[in-house]
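What follows draws every value from the coordinates through simple rules; no lab data is involved. Computed from a predicted structure; not experimentally measured. Every residue, glycine among them, receives a Cβ derived from its backbone with ideal geometry; neighbour counts consider all protein chains shown.
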Amino acid sequence: MFLRGIGGNWLVCLAYCLCTSARDLNSKIVAIYLPILLFVAVGYEHSIANMFTVQMGMLLGADVSIGRYILCVLLPVTFGNIIGGGGFVGGLYWYLYLTKKSKSEQNITMELPTTKEYRSVTQHDDSL
């Protein structure tokens, strides 16, 4: 369950990242459709999807207790989802975009206005 949770959220987060980077509507549809299709076809697990399917199974008479569901399904899949989405997708994007700075970016310093300068800009003259 843990490994299927890693793969599941990796594909779900990948679909989100691909969709946000696509420019037109057709590209966005394909970017969401293909990873989610693979997620379902392979049989990966996702904690949010399992919250529906397991509870629907309970309502339909499946022999599953809430404690067993939480211990054997929800916790391992949730931890796998955290590793898959945060570790693989988020960690990869962090590594690619935030750790490699060019020399020109490293030398840029940004000075924020002081409180006194900020007040002088935001004060309005009500005497007009």
Margin query: Let me check against my output: what whole-number percent is the relative contact order of the stretch 2-101, with C-alpha pairs under 8 Å and at least 6 apart?
Written below: 47 percent
Check: Applying the Karplus parametrisation 6.51 cos²θ - 1.76 cosθ + 1.60 with θ = phi - 60° to the phi angles of the stretch 23-31, what ³J(HN,Hα) value in whole Hz is obtained for each residue in order, glycine and proline being reported as x?
Finding: 9, 10, 5, 4, 5, 5, 5, 5, 5
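Going by how many other beta carbons lie within 10 Å of each one, how would you line up 21, 27, fewest first?
Result, fewest neighbours first: 21, 27.
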Notebook entry, point to check: With each pseudo-label sitting 7 Å past Cα toward Cβ, what's the residue 20-residue 62 distance in nm, one decimal?
Noted result: 3.1 nm
